[in-house]
Amino acid sequence: MFWCSTACSPCGERRGPTIGGPHVSEGITREYTIQNLLGLHARAAATLVRVTSRFACEVSIARGKQAVNGKSILGVMTLAAAKGAVIQVTCAGADEDAAQAAIGEIIEQKFNEE
């Protein structure tokens, strides 16, 4: 995945074009570390998809070079993101800021599992 070379904030948020995987043309990209014990297994993936599906914006989730639709449970599960894995989430659309906030919150809460 490719991002513009200019970070928009000290936290590493980036705005700009992305290439690869599900096409998300513009948006906000943030990195998150999966911290729950079992990683993005079926239940955690379902919880994440319930959150992303509440928003109108496009959501792309990437791990390494693999990017998937963040509103697809099967796509999210194929990332095989274990505890400690770093994922990049790109949200693009009218409610991209709210979507990123909600995604960050559910990941920080370890998908309400622990």
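Summary table below
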quantity	calculated
Failed criterion for Ala56 (all others in (1) of a type in the set (A, V, I, L, M); (2) surrounded by 21 or more Cβ atoms within 10 Å (Cβ to Cβ); (3) modelled with pLDDT of 95 or more; (4) in a loop (DSSP other than H, G, I, E, B) hold)	(2)
Qualifying residue in the stretch 80-89 (condition: within 21 Å of Glu26 (Cα to Cα), of a type in the set (Gly, Ala, Ser) and surrounded by 17 or more Cβ atoms within 10 Å (Cβ to Cβ))	no
Filter result (closer than 18 Å to Arg50 by Cα and in contact (Cβ under 8 Å) with a residue 12 or more places away in the chain) within the stretch 64-79	Val68, Asn69, Gly70, Lys71, Ser72, Ile73, Gly75, Val76, Met77, Thr78, Leu79
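The values are calculated or read from the model by the stated rules, or taken from the named source; none is laboratory data. If you're wondering where the values come from, they're calculated on a predicted model, not measured in any experiment. Don't worry about glycine lacking a Cβ; one is built from the backbone with ideal geometry, like all the others, and counts go over all protein chains shown.
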